[in-house]
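**Student:** What follows is a single structure, and I will ask about it in a moment.
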Amino acid sequence: MGEKGQRILTQIQEKRERMIDSAKKYGYTNEYTIRCSEELDQLIFEYQQQKQNEKKQKKKIKFSLKLMITTWREKLLEAKYQAHS
């Protein structure tokens, strides 16, 4: 997990704790509790987006590496074939 993902997870935990504390003190329908809940939802959404971006980046890197290996293999075989011709 990247640094940004870890930072968002920390923010999620802190916001969750504030929301729970507010719900215990003031109730579930309190304006601050609801605002914390909405902000928590937004942080969770951001975290999910970050994870999706990381997955896409990893796929791009894997594809690039596979392409590079395939190209090298083809060039080596071509060079070997030409050396024996």
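**Student:** Could you please let me know if THR33 is in contact with a Gly (Cβ under 9 Å, 6 or more places away or on another chain) and modelled with pLDDT of 95 or more?
**Tutor:** So THR33 fits the description; yes.
**Student:** Looking at ARG7, ARG18, which is the one that is surrounded by 12 or more Cβ atoms within 10 Å (Cβ to Cβ), in contact with a Cys (Cβ under 8 Å, 6 or more places away or on another chain) and in a helix (DSSP H, G or I)?
**Tutor:** Within the list ARG7, ARG18, the selection yields ARG18.
**Student:** Now a separate question. Here's a check for you: in the range 43-85, which residue that is of a type in the set (Phe, Trp, Tyr) and modelled with pLDDT under 85 is least open to solvent (accessible area, probe 1.4 Å)?
**Tutor:** Going through the qualifying residues, I end up with PHE63.
**Student:** Now a separate question. I'd like the full set of residues that are more than 23 Å from ARG16 (Cβ to Cβ) and among the aliphatic types (A, V, I, L, M), limited to the range 35-73.
**Tutor:** ILE61, LEU65, LEU67, MET68, ILE69
**Student:** Pairs only if they're at least six apart or on different chains, beta carbon under 7 angstrom, first in the range 40-58 and of a type outside the set (Ser, Thr, Tyr), second assigned to a helix (DSSP H, G or I) and open to solvent by 90 Å² or more (accessible area, probe 1.4 Å); list them, first residue then second.
**Tutor:** Close Cβ pairs (under 7 Å, with a partner that is assigned to a helix (DSSP H, G or I) and open to solvent by 90 Å² or more (accessible area, probe 1.4 Å)) amount to GLN50/LYS4.
**Student:** Out of the residues in the range 1-39 meeting the condition of being touching a helix residue (DSSP H, G or I) at 6+ places or on another chain (Cβ under 6 Å) and among the aliphatic types (A, V, I, L, M), tell me which one is nearest to GLN57 (Cα to Cα).
**Tutor:** Result: ILE8.
**Student:** What about TYR28, is it in a loop (DSSP other than H, G, I, E, B), open to solvent by 90 Å² or more (accessible area, probe 1.4 Å) and not polar (S, T, N, Q)?
**Tutor:** Yes, satisfied.
The values are calculated or read from the model by the stated rules, or taken from the named source; none is laboratory data. Computed from a prediction, not measured in an experiment: that's the story for all the values here. Cβ: placed from backbone, ideal geometry, glycine included. Neighbour counts: every protein chain shown. Note: areas computed on protein heavy atoms with side chains; ligands, DNA, RNA excluded. Shrake-Rupley method; radii C 1.70, N 1.55, O 1.52, S 1.80 Å.
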